[in-house]
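Beneath this line is the structure, given in structure tokens, with notes to follow.
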Amino acid sequence: MTESPVCLADPHLRPSGAPPTEGPREVVILGSTGSIGTQAVDVVTRHPGRFTVTGLSAAGGRLALLAEQAHRLRVRTVAVARAELAAPLREALRALHGDGEPLPEILAGPGAAAELAARPCHTVLNGITGSIGLAPTLAALEAGHVLALANKESLIVGGPLVTALAKPGQIVPVDSEHSALFQALLGGTRGEVDKLVVTASGGPFRGRGRAELASVTPAEALAHPTWAMGPVITVNSATLVNKGLEVIEAHLLYGIPFDRIEVVVHPQSYVHSMVQFTDGSTLAQAGPPDMRLPIALGLGWPDRVPGAAPPVDWTRAHTWEFLPLDTDAFPSVPLARHVGSLGGTAPAVYNAANEECVDAFLAGLLPFTGIVDTVAAVVEESDGVPAGTSLTLPDVLEAETWARRRARELAGTANQEMTA
């Protein structure tokens, strides 16, 4: 086997980030009011001597929480994605700050998170959900910061843009699966890696056949058996689209071909992923299903953060299962392999179409099985920028816009057929 190229997330390299300074590491948290962001705030507040948060960003749906976080962490800058929320955010901050206490700087508008990501700091944690995280990812990388990446969509839709900009080892993955691979890869050299094994909980519908999935309701799809996440990610876990995205992400992060990235179902979600080596041995990273573990590693790398989350209780009996993936019932993973192999703007089309289809499903406009079926149809129709062509950010945005429009059209047609 030939040696793989140095990967973006290479655990054998130590990220440099900003020049070392005395005192706590300065971090910026993007998406601070979401699931990843709130857990990141929990990690840093329990380790005040280790981290200091200089900036926060959020979409603006939980303005009171954003203001409270900013006040509690004494940040320099707060960013909100909607310009009209600047004034109410300022009022919320003023209500929390004492007389004479200066308010943090406020950035507002669609480019606010990217502007914040470029500000001086050591590490940027990108916990934004969706492809809107691409611009902040590029801004953080261009500024030379270490990027703790939880926003998988930015890497997937902008793969060539990110890989061209990121220095080897500059990205530390925060997805539990990719953090697990990152850690297990320390057990051997790049040339000794035979296969990456990405684990999946199987979601709430593990064991059901395709016919049984047709009548799934949004409430059922949002009831994940293991993880507490936002609605889009939770539905993606139910369709296993999330796992398809992770296969593409693993390929981009670690430079391993798609035919050497396998998905296995592990309902207990304690083994987060594994690396199989050429001698037949497999190294697995295990821990409780608690996102504070990969978040803490992303913020603290190359050092671990003591007490980031409670460990596995080895005084209790445990039974862990590993099952093959049913690709007939859940075709999203083979579709993702196809999309990843196409490259170019195809991953952006896959991701954008899926986001629209999830919205249609939650609104009752599309059956559960129609999500991936519609995404596949949009991918098939796409004639965007092919692999091997110089990709630009406008190319990605144009492909996404087309995919969203086409997905809405097909979802509307499917709804008419459902109600006919």
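What is the ratio of the Cα radius of gyration of the range 310-411 to 2.2 N^0.38 Å, where N is its residue count, to two decimals?
On the way: Rg = 17.7 Å, N = 102, 2.2 N^0.38 = 12.8 Å.
In units of the 2.2 N^0.38 Å rule of thumb, it is 1.38.
Remark on Ser201: its backbone amide H falls under 5 Å from those of His266, a criterion applied only to residues 5 or more positions apart or on other chains, H modelled at 1.01 Å from N. Out of every Cα-Cα pair that the range 156-277 contains, those further apart than 23 angstrom amount to 36 percent. Straight distance only, please: which aspartates and glutamates reach the Cα of Lys167 with their own Cα at less than 18 Å, same-chain residues fewer than 8 apart left out? Within the straight-line limit of under 18 Å, Lys167 reaches these aspartates and glutamates: Asp10, Glu142, Glu249. Each DSSP beta bridge with both residues in the range 179-419 is either parallel or antiparallel, and the antiparallel ones are about 70%.
Residue exposure proxy: His71, His145, His122, His12, ordered by other Cβ atoms within 10 angstrom of their Cβ from fewest to most, comes out as His12, His71, His122, His145.
According to the Cα-based calculation, Rg over Rh for the chain is 0.96, with Rh computed by the Kirkwood formula. So which lysines can Lys243 reach, going by Cα to Cα under 23 Å and dropping same-chain residues fewer than 8 places off? The qualifying lysines are Lys152, Lys195.
Write down the percent of antiparallel bridges among all DSSP beta bridges whose residues are both part of the chain, to the nearest 5.
Working: 12 of 42 bridges.
Once the DSSP bridges in the chain are tallied, antiparallel ones form about 30 percent.
Placing a label point 7 Å from the Cα of Phe322 along the Cα-to-Cβ direction, the residues of the range 195-214 with a backbone N closer than 16 Å are 195-202.
Counting alpha carbon pairs within less than 8 Å and at least 6 residues apart, what relative contact order, in whole percent, applies to the chain?
16 percent
Solvent-free Debye calculation, one equal scatterer per alpha-carbon of the range 179-419: log10 I(q)/I(0) at 0.08 Å⁻¹ equals -0.33. When the chain is treated as a GNM with alpha-carbon contacts under 10 Å, the residue of Ala336, Ala117, Ala317 showing the greatest mean-square fluctuation is Ala317. Residue ranges 343-352, 402-411 sort as 343-352, 402-411 when ordered by packing (mean number of other C-beta atoms within 10 Å per residue, highest first).
No value in this document is a laboratory result; all are computed from the given coordinates. Everything numeric here is computed off the predicted structure, so don't read it as measured data. For neighbour counting, all protein chains shown are included, and Cβ atoms are generated from backbone atoms with ideal geometry for every residue, glycine included.
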